[in-house]
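The values are calculated or read from the model by the stated rules, or taken from the named source; none is laboratory data. All values reported here derive from a predicted model rather than from experimental measurement. Note: ideal-geometry Cβ built from the backbone for every residue, glycine included; neighbour counts use all protein chains shown. Remember, those area values only see protein heavy atoms, side chains included, never the ligands or the DNA or RNA. Shrake-Rupley method; radii C 1.70, N 1.55, O 1.52, S 1.80 Å.
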Amino acid sequence: MNHQTIGDRAAHLSSEDLAALRENLREQRLFREEQLRQIAAAPRAEGPLRGPSAAQAEVRVELAASARMVLADVEAALRRITEGRYGTCHLCRRPVERERLMIVPQARYCARCQQVREAGR
């Protein structure tokens, strides 16, 4: 294999893979930050006939919570790249599959450990 690699644990990722994943994560961060700005700028309920309904306000709160959670995951993945810990499962310490990272670049767990976590819920 002729690709330059980053760290022993992320040896399955080439430097090109890592650059593409970093760019994807940066784009996701910008998207989530803009989404949170738009949610914050949405009109607030001002009375029974004006502004969004209680249901709309609840949806806005849920959307903001979800966006903040994804944003935190994205920022954590960017930190792991900077620290050289990206691509290692937080549970079993094995490499997270390249294909999985290409689909979910903020993934903290390999597919097997993710399944175990979801089954335990």
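Which members of region 88-107 meet the condition of being open to solvent by less than 70 Å² (accessible area, probe 1.4 Å) and basic (Lys, Arg)?
The one that is open to solvent by less than 70 Å² (accessible area, probe 1.4 Å) and basic (Lys, Arg): Arg100.
Of the residues that sit in region 108-121 and are part of a helix (DSSP H, G or I) and open to solvent by 70 Å² or more (accessible area, probe 1.4 Å), which one is nearest to Ser15 (Cα to Cα)? Spell out the reasoning first.
The initial filter retains those residues of region 108-121 that are part of a helix (DSSP H, G or I), namely 111-119.
From the residues that got through so far, the ones that are open to solvent by 70 Å² or more (accessible area, probe 1.4 Å) too are 112, 115-119.
Numbers: Arg112: 25, Gln115: 28, Val116: 30, Arg117: 30, Glu118: 31, Ala119: 34 Å.
Within region 108-121, the match that is nearest to Ser15 (Cα to Cα) is Arg112.
Looking only at residues in region 75-109 that are of a type in the set (A, V, I, L, M, F, W, C) and in contact with a Phe, Trp or Tyr (Cβ under 9 Å, 6 or more places away or on another chain), which one is farthest from Glu34 (Cα to Cα)?
We begin by selecting, within region 75-109, every residue of a type in the set (A, V, I, L, M, F, W, C); these are 76-78, 81, 89, 91-92, 96, 101-104, 107.
From what is left, the residues that are in contact with a Phe, Trp or Tyr (Cβ under 9 Å, 6 or more places away or on another chain) are 77-78, 89, 91-92, 96, 101.
Details: Ala77: 19, Leu78: 18, Cys89: 29, Leu91: 32, Cys92: 35, Val96: 29, Leu101: 24 Å.
Going through the qualifying residues, I end up with Cys92.
Residues in region 9-19 that are touching a residue at least 12 places away in the same chain (Cβ under 8 Å), among the aliphatic types (A, V, I, L, M) and assigned to a helix (DSSP H, G or I): how many?
Result for region 9-19: 1.
Which of the residues spanning region 83-107 are among the aliphatic types (A, V, I, L, M) and more than 14 Å from Asn24 (Cα to Cα)?
Pass one, region 83-107, residues among the aliphatic types (A, V, I, L, M): 91, 96, 101-104, 107.
Of everything in region 83-107, those that are among the aliphatic types (A, V, I, L, M) and more than 14 Å from Asn24 (Cα to Cα) turn out to be Leu91, Val96.
Consider only pairs whose beta carbons are under 7 Å apart and that are at least six residues apart or on different chains; among these, list those whose first residue lies in region 23-35 and is at positive phi and of a type outside the set (Gly, Ala, Ser) and whose second residue is surrounded by 13 or more Cβ atoms within 10 Å (Cβ to Cβ) and assigned to a helix (DSSP H, G or I).
Pairs that qualify, where the first residue is at positive phi and of a type outside the set (Gly, Ala, Ser) and the partner is surrounded by 13 or more Cβ atoms within 10 Å (Cβ to Cβ) and assigned to a helix (DSSP H, G or I): there are none.
Only one residue in Arg60, Arg121, Arg112 is among the basic types (Lys, Arg) and under 23 Å from Arg32 (Cβ atoms), so which one is that? Give the derivation first.
Values: Arg121 fails: under 23 Å from Arg32 (Cβ atoms); Arg112 fails: under 23 Å from Arg32 (Cβ atoms).
Only one candidate qualifies: Arg60.
Out of all the residues in region 51-87, which are open to solvent by less than 60 Å² (accessible area, probe 1.4 Å) and of a type in the set (Ser, Thr, Tyr)? Steps first, please.
In the first step, residues of region 51-87 are kept if they are open to solvent by less than 60 Å² (accessible area, probe 1.4 Å); the result is 51-53, 57, 60, 64-67, 70-74, 76-78, 80-81, 84, 86-87.
Across region 51-87, the qualifying residues are Ser53, Ser66, Tyr86.
Which one of Arg79, Arg50, Arg37, Arg60 is out of contact with any strand residue (DSSP E or B) (no Cβ under 9 Å at 6 or more places or on another chain), part of a helix (DSSP H, G or I), modelled with pLDDT under 95 and among the basic types (Lys, Arg)? Spell out how you get there, then give the answer.
Details: Arg79 fails: modelled with pLDDT under 95; Arg50 fails: part of a helix (DSSP H, G or I); Arg37 fails: modelled with pLDDT under 95.
None of the others qualify; the one that does is Arg60.
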